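The values are calculated or read from the model by the stated rules, or taken from the named source; none is laboratory data. As the structure is a prediction and not an experimental result, all values here were calculated from the model. Virtual Cβ from ideal backbone geometry, glycine too; neighbours counted across all protein chains shown.
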Amino acid sequence: MINTNLRGAYLCAREAIAQFLKQGGGMIINVSSVHEIIPRPKYVSYAISKGGMENLTKTLALEYARQNIRVNAIGPGATDTRINSWSEEEQQKTAETIPMGRVGMPEEMASGSSVSGVRGSGLRNGANPVY
């Protein structure tokens, strides 16, 4: 889990940054999770990998901002996808913990990543909205 989620993101960022330095800038959008800040029993390796992702994102954002490289992340929460095979009761229980009272839809998570990557949001750097 840590190799895939955290080390994989680090290695991809390292290669992207090398290219971005040559071309005069660029942007990275990491995909984290709400579990970077909200712990969940029996998810320790996942939570550690995503917590590390938060620090990776913020540190790279600080290190490379002056080279016109922005690094942001999105932190999706409970989302209605095939990977989440909830019973109706489980989905309702989860929805009760979310301020909007429902789980998110994939389109809403995609919208969050597009906002992070919009070229007009040039000062957005090191940000990680959690949905």
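Taking first residues from segment 86-106 that are within 14 Å of Val34 (Cα to Cα) and partners that are surrounded by 10 or more Cβ atoms within 10 Å (Cβ to Cβ) and of a type in the set (Gly, Ala, Ser), the Cβ contacts under 7 Å between residues at least 6 apart in sequence or on separate chains come to Thr94/Ala78; Ile98/Gly77; Ile98/Ala78; Val103/Ala78; Val103/Ala95; Gly104/Gly77; Gly104/Ala78. Consider Ile98 carefully, then state whether it is part of a loop (DSSP other than H, G, I, E, B), farther than 13 Å from Gly126 by Cβ and of a type in the set (A, V, I, L, M). Criteria met by Ile98. Restricting segment 36-57 to residues that are touching a residue at least 60 places away in the same chain (Cβ under 8 Å) and part of a helix (DSSP H, G or I), the residue that is farthest from Ile69 (Cα to Cα) is Glu36. Consider only pairs whose beta carbons are under 9 Å apart and that are at least six residues apart or on different chains; among these, list those whose first residue lies in segment 20-31 and is free of Cβ contacts under 8 Å to residues at least 60 places away in the same chain and surrounded by 15 or more Cβ atoms within 10 Å (Cβ to Cβ) and whose second residue is outside any helix (DSSP H, G or I) and basic (Lys, Arg). Filtered contacts from segment 20-31: Gly26/Arg70; Ile28/Arg70.
Residue by residue through segment 20-55, note down the ones that are touching a Gly at 6+ places or on another chain (Cβ under 7 Å) and farther than 22 Å from Thr94 by Cβ. Result: Phe20, Met27, Ile29. State yes or no: is Asn5 assigned to a helix (DSSP H, G or I) and free of Cβ contacts under 8 Å to residues at least 12 places away in the same chain? When the stated conditions are applied, Asn5 does not pass them. Here is a check on your reading of the model: is Arg66 on the phi < 0 side of the Ramachandran plot and assigned to a loop (DSSP other than H, G, I, E, B)? In short, no. Among the residues of segment 85-95, those identified as assigned to a helix (DSSP H, G or I) and surrounded by 14 or more Cβ atoms within 10 Å (Cβ to Cβ) are Gln91, Thr94, Ala95.
One line per residue, one yes/no per condition, for (1) of a type in the set (Asp, Glu); (2) at pLDDT 85 or above:
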residue	(1), (2)
Glu63	yes, yes
Val71	no, yes
Asp80	yes, no
Ser113	no, no
Arg119	no, no
